[in-house]
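The structure appears right after this line, and notes come after that.
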Amino acid sequence: MEGDPMRYPMRYREAVIEKTLVIVALSAIAVLGLIILFIFKEGSPIMARIGVIRFIAGAKWAPSRGVFGILPMIWGSIWVTLGALIIGVPLGLACAIFLAEMAPARASAILKPAVELLAGIPSVVYGFIGLVVLVPFIRRWFGGPGFSVLAAAIVLGIMILPTIISISFDAFKAVPVAYRDGMLALGATRWQAIRMVILPAARPGIVAAVILGMGRAVGETMAVIMVAGNATKIPSSILAPVRTLTSNIALEMGYAAGEHREALFATGIVLFVVIALLNLTARLFATGGRVAR
Amino acid sequence: MFSNKDIKIDIKNLDLYYGPVHALKGITVSFPRNAITALIGPSGCGKSTLLRCLNRMNDLIENVKIEGMVTLDGEDIYAPDVDVTHLRKRIGMVFQRPVAFPLSIYENVACAARVHGVNDKRSLDPIVEESLRRVGLWDEVKDRLGSSALNLSLGQQQQLCIARVIATGPEVILLDEPCSALDPASTLRIEDLMRELEKRYTVIIVTHSMQQAARASDYTIFMLSGEIIEYGITDDVFTSPRDSRTESYVTGRLG
C-alpha cells in the first residue's frame, strides 16, 4: 500500500476534520461552562453575605433599601408553572393520543409538523396575544387587574403544548404496534387498548414530556412579563398579579448596579439549579424506565 | 366432509385483495369444532391472511377488500351489525411473537377479562388462576404474579398469551405460527397445550413447520399462492396427498 498516492492525503484530511470538530465541540461546551461560572461568580457573594436561607426564604424584595428576599418570585414561578401544567398537560396528552393512535396517518402527517411549528412562534407574540385578548377578558369576567397568575398560566399552558405533544407523541409511537394489535385481538376497543396497555407502556416518555414542558414554563420570560403584572408580592389568588424568577431578572437588569445586580445574578443561580434538577429528572425517566423490545 | 353440527366456522367463496393484489382466491372451507386444523404452505401463500379474516384483524389494515362469506355457528361475521369486539372475544388470537404487555403477569391475564367488563378483584382472581392453570403456567408464576411479564422466557410469554386469550372466554383460538420464535422444548409444551385446548375450543393453527402440523393437528389445509390446494385429515394429507403439489411440499421439494 506504500505506493498508493491517495492514502496519505486522505488520512491527513480525516485527521484535520476530526481535530477541528473536537475543538468546535469543546469550545461550545467551554462557553456554556464559562457562563455558569460567571453567574456563580457574580451571584454567590451576596448569597453568602445575606445567607442562602434568608435570600431564598425572604418575603420582601426592596432593592432600593438593600432588602433581597426572592420568596415571592419563587412562589410566583411555582404557581405559574403549576397552572401551566394543569392546562397544558391534559390538552397536550389528549392531542398526542389523538395524533398517534386515532387520527388517520395522513391527518397526523399534516398536524404533527403544524403543532411543532407552534414552538417556533416567538414568545413575545404569545405574550402580545395574552396582553390584548386574555388580560382584558379575565379583568372583565373574573375581576381583578387581569394581569394575573391565571393569565400567565394560560399563556404558558399553550406555549408548552408543542413540547408536550411532540415528545409524548414520540413516546406513543415507540410503543410496539403488537401491543395495540394484541389488545384489539382480545376484543378491546381502541380506547381500552390505549388506557390499559399503551398509556402504561408510554409512561416514561410522557413523564419526560411533562418535565421538559415544565422546564420551558419555568424558563419562559417575555410572555410572562407581558401578562403577569409583576408585583413582588406572594400572590393571594389566581387573579392576583405575580412575578416569576425569570421576570425578576429581565425587569431589573437594565438599571441594576452593585448589590442589586448581584442579587439578580443570585436569582439566576436559583433558577439554574431548579432547571438543572428538572432536566436531570427528565433524563432519568427517559432512559431509566424504557420498555424492553 | 362434516355434518353441519360439527362445523364451527364455514368459509364460502372468500376473496381478499390488498389494494391490487389478489391475496386469497375463492376460498371455500370448513373448520370442525373441537378439533385442531393446521394451515400450511410456503411463505406468502396467504395462510396468515386467511387466519386474520376469521377474527377480522384484516379490518385494521388499510386498502383491504374482502368478498365472500364467513360464518361462525351459522352467523355471518362480516354482517354490518356484527360487534367486532364481541366477535374477537369469541374468536381469540395468539400471535407469532409472544406479545407480553409491559404489565405484571397478573395484569397481563386480567386485562383480557377487564376488556369485557369484569373489573372487581374477587371475580378476576379466579379467572386469572384458572386461565394460567389451563396453560400449565400457574405453578411456575403463582408466587410472582405481581412481577413484570417481560421477565418471563419467550416460551412462558407465549403460554401467558394463550392464558390471556382463554381469560376472555373464547370459543375458537387462532394461533398464528405460535412457536416460530420459540426453542424446541417450549414448542413441545405449546403443542401439548394445544391438545388440551382442543377439548374445549376449536383450534386453528398457522404453521410453517410441517412436522408440527403432522404431529399436532387433526386436519390440514395446504395453501399455495392464495388458493387451497388440498384439505383433509392430517394423516391423509401427509401420507397420501391427492395433489402432486401437496406431495412436493410435504416431502420438502417445494417452498
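No value in this document is a laboratory result; all are computed from the given coordinates. Worth saying up front: this structure is predicted, and the values here are computed from it rather than measured. Glycine gets a Cβ as well: all are built from the backbone with ideal geometry, and neighbour counts include every protein chain shown.
Treating only the Cα positions of segment A:1-92 as identical point scatterers, give the base-10 log of I(q)/I(0) from the Debye formula at each q in 0.15, 0.16, 0.23, 0.24 Å⁻¹.
Evaluating at q = 0.15, 0.16, 0.23, 0.24 Å⁻¹ gives log10 I(q)/I(0) of -0.85, -0.89, -1.07, -1.10.
How would you rank A:251-264, B:214-227, highest first, on the average number of other Cβ atoms within 10 Å across their residues?
Order by mean packing, descending: B:214-227, A:251-264.
Cut-off under 18 Å on the C-alpha distance; same-chain residues fewer than 8 positions from residue B:121 excluded. Which lysines are left, in chain and number order?
Cross-link targets: B:142.
Across the residues of B:88-98, average count of Cβ atoms on other protein chains within 10 Å? Mind showing how you got there, number by number?
On the way: counts 6, 3, 1, 2, 3, 6, 2, 4, 1, 4, 2.
Going residue by residue through B:88-98 and averaging, the value is 3.
Please name which of A:175, B:193, B:244 has its Cα lying farthest along the dipole of the protein assembly as shown towards the positive end, using unit charges on Cβ (Lys, Arg +1; Asp, Glu -1) and the Cα centre as origin.
A:175
I'd like to compare A:24-33, A:195-204: which one has the highest average count of other Cβ atoms within 10 Å, and what's the full order after that?
Descending mean neighbour count gives A:195-204, A:24-33.
Any idea what angle helix B:154-167 forms with the longest principal axis of chain B, computed on alpha-carbon atoms, 0 to 90 degrees, nearest 10?
Tilt relative to chain B: about 90 degrees.
Explain nothing, just the number: dipole magnitude of segment A:7-50 about its Cα centre with +1 on each Lys and Arg Cβ and -1 on each Asp and Glu Cβ, in debye rounded to the nearest 20.
It works out to roughly 160 debye.
Please give the helix B:121-134 orientation as an angle from the longest Cα principal axis of chain B, in degrees from 0 to 90, rounded to the nearest 10.
It works out to around 50 degrees.
What average number of partner chain Cβ atoms lie no more than 10 Å from the Cβ of the residues making up B:109-116?
Per residue, the number of nearby Cβ atoms from other chains is 5 on average.
Once the cut-off is 19 Å, how many percent of the Cα-Cα pairs in segment B:139-255 end up in the long-distance tail?
Looking at segment B:139-255, the distances longer than 19 Å represent 52 percent of pairs.
How big is the dipole moment of segment A:5-107 about its Cα centre under a simple scheme where the beta carbon of each Lys and Arg is +1, that of each Asp and Glu is -1, and everything else is neutral? Debye, nearest 20, please. Don't skip to the answer; put the middle values down first.
Working: 10 positive and 4 negative charges, 73 e Å.
Using Cβ point charges on Lys, Arg, Asp and Glu, segment A:5-107 gives about 360 debye.
So how strong a dipole does the protein assembly as shown carry about its Cα centre when Lys and Arg Cβ are +1 and Asp and Glu Cβ are -1, to the nearest 20 debye?
Dipole about the Cα centre, nearest 20: 2100 debye.
On a straight-distance basis, which lysines could pair with residue B:89 in a cross-link, Cα separation under 20 angstrom, same-chain partners fewer than 8 positions away excluded?
Residue B:89 reaches B:8, B:199.
Enter the per residue convex hull volume of chain A, computed from alpha-carbon coordinates, in Å³ rounded to the nearest integer.
220 Å³
Tell me which of A:256, A:121, A:105 sits at the most positive position along the dipole axis of segment A:61-288, charges placed on C-beta atoms (Lys, Arg +1; Asp, Glu -1).
With unit charges placed on the Cβ atoms, the residue in question is A:105.
Two-decimal Rg/Rh of chain B from alpha-carbon positions, Kirkwood Rh?
0.97
Over all directions, what mean area does the Cα convex hull of segment A:7-50 project, stated in square nanometres?
3.0 nm²
Could you order the peptides B:160-172, B:17-29, A:112-124, A:83-95 from most to least packed, using the average number of other C-beta atoms within 10 Å per residue?
B:160-172, A:83-95, B:17-29, A:112-124
Give me a single rounded figure for A:186-196: the average over its residues of other chain Cβ atoms within 10 Å of their Cβ.
The mean count of partner-chain Cβ atoms within 10 Å per residue comes to 6.
Using +1 at the C-beta of Lys and Arg and -1 at the C-beta of Asp and Glu, which of B:80, B:58, B:41 has the Cα lying farthest in the positive direction of the dipole of segment B:27-88?
About the Cα centre, the residue reaching furthest to the positive side is B:41.
For chain A, which DSSP H helices look membrane-span-like by this rule: Cα extent along the axis of 30 Å or more and mean Kyte-Doolittle of at least -0.5?
Numbers: long enough: A:7-50 (65 Å, 1.02); A:71-97 (38 Å, 1.91); A:258-288 (45 Å, 1.15).
Flagged H segments are A:7-50, A:71-97, A:258-288.
Percentage of Cα-Cα pair distances in the protein assembly as shown greater than 42 Å, rounded to whole percent?
The calculated P(r) of the protein assembly as shown puts 44 percent of pairs beyond 42 Å.
Cα extents of segment A:111-204 along the three principal axes, largest first, in whole Å?
The Cα atoms of segment A:111-204 stretch 55, 28, 21 Å along the principal axes, largest first.
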